[in-house]
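Asks: Take this structure first; my questions come after.
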Amino acid sequence: MTNRPSNDTAADDEIAEFRRQAAELGFATSETDLEAYDDLESSEEFITRMKWEDRRRTRRWRRRLATGMATAAAVAGAWVVADLPTVSPAVADTPPVLDYEFAAAVRIAFAPGEDPDDLLDLLAESAATTPEPEAGGDIQHKQSENWFFDIDDDGSARIVPRAIETWLRPDGSLVTSERPGEPLTADGRGIDDRPGPVESTDILPTGSIDPDFANNLPDDPEQLVDVLLDNIACTDRSPGPTRSICLYREIIALYQHHVVPQRVAAALWTALKDETDFTALGSVEDRAGRPAVGISITDPDSPQYRLVLIVSPENGQLTGVEEILIRPIDGIDAAPPAVVAFTTYVRSERTDRAPSD
């Protein structure tokens, strides 16, 4: 790491405070337990480093889905991957980690969070009591800002911001447009819904995605879980880490192209109360500056990442997803904690027009 400002006294104070708070939470009771986190920086140091450190060249994987977060490109009974044409996106360092109510940015790697049941109840109630927005048509339109690791064929890599819009038609065809994303402010925000010049467009043919999948989902939480686990062909249906991560990925895939009904959103958050691996991170201001809450999970097969669902408490709808590196990985020159990918939805609506009209 280069060009990083130093402040030994401030760093010592931060570490002492981490130890005190961790001991109070019962997370760690000795200096040995926290030894791995001695190099964590303060929020001010993190933001300063993001502004001044050299561009990092790292070995990372290429993510070429229509959004940077979902492992599946569609929820249609089968996985449909949209391999978009390569564009020339802006290059950026890793975005700042957001501060959550129960997990400050510099503590995100080890903050335990809290029991999520009360928060899930509030989200379910909010979703259930929020009226459906007036439909402007039968085309489902999603607009998102996405930052994720990208690696080229020559091994060079970077964090790439991309703005993506999708239009899911009633016949199951999908139009996807992509353009370079906008830089963030120093606190990791600044996203808005203003569209820019499109650099690439991709069209999946009729029947590629089931446009009625979200509308046809049951609003009974147990039945909803069964449908989602069937759809992803989850290998373990018993309550536990595998089932929980299956549901996490299905939620991401569901919101990727579909406008999710309020009743389904309410059933989703109610269903997660029966899972054992989600934790509440509490309130947060999302990348678009909106009030939100974070719900976290760790994939048992990839414990080096903390995965976060970001949900609006105002209507109970998913507004974003983030992947945070919390443990070092060989070949990735990013010091934990570091955001390696996020998607923020800035528009989710029904409309009567798509770009090819």
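The values are calculated or read from the model by the stated rules, or taken from the named source; none is laboratory data. The structure displayed is predicted, hence computed values, not measured ones. No Cβ is skipped: glycine too gets one built from the backbone with ideal geometry, and neighbour counts run over all protein chains shown. These area figures cover heavy atoms from the full protein model, side chains too; ligands, DNA and RNA do not enter into them. Shrake-Rupley method; radii C 1.70, N 1.55, O 1.52, S 1.80 Å.
Asks: Pull out the extension gain between Glu101 and Arg263, defined as 0.36 nm times the separation in residues minus the alpha carbon to alpha carbon distance; nm, one decimal.
Replies: Taking 0.36 nm per residue and subtracting the Cα distance, the gain is 55.6 nm.
Asks: Once the whole set of protein chains is in place, how much accessible area is left on Ser238, using a 1.4 Å probe, in Å² to the nearest 10?
Replies: Using a 1.4 Å probe on the heavy atoms, I get roughly 60 Å².
Asks: Okay, moving on. Rounded to the nearest 20 debye, what is the charge dipole size of the stretch 161-239 about its Cα centre when +1 sits on each Lys and Arg Cβ and -1 on each Asp and Glu Cβ?
Replies: Computed charge dipole of the stretch 161-239: roughly 360 debye.
Asks: In the stretch 280-335, what GluC sites (Glu not before Pro) fall in a loop by DSSP, with at most 16 other Cβ atoms inside 10 Å?
Replies: When the GluC sites (Glu not before Pro) of the stretch 280-335 are filtered for loop state and at most 16 Cβ neighbours within 10 Å, Glu314 remain.
Asks: I'd like the per residue volume of the convex hull spanned by the Cα atoms of the stretch 124-229, given in cubic angstrom.
Replies: 196 Å³
Asks: Largest first, please: the extent of the C-alpha atoms of the stretch 277-350 along each principal axis, to the nearest Å.
Replies: Between the extreme Cα coordinates on each principal axis of the stretch 277-350 lie 42, 24, 22 Å.
Asks: What is the Å³ per residue value for the convex hull set by the Cα atoms of the stretch 254-294?
Replies: 105 Å³
Asks: Would you mind telling me the share, in percent, of accessible area of the stretch 202-352 contributed by carbon and sulfur at probe 1.4 angstrom? Walk me through the numbers before you get to the answer.
Replies: Details: 2370 of 5310 Å².
After summing per-atom areas, the C and S share lands at 45 percent.
Asks: If you take the Cα Rg of the stretch 169-305 and divide it by 2.2 N^0.38 Å, with N the number of residues, what do you get?
Replies: 1.22
Asks: Defining a contact as two alpha carbons under 8 Å apart and six or more residues distant in sequence, what relative contact order in percent does the stretch 275-327 show?
Replies: With pairs under 8 Å counted, the relative contact order is 27 percent.
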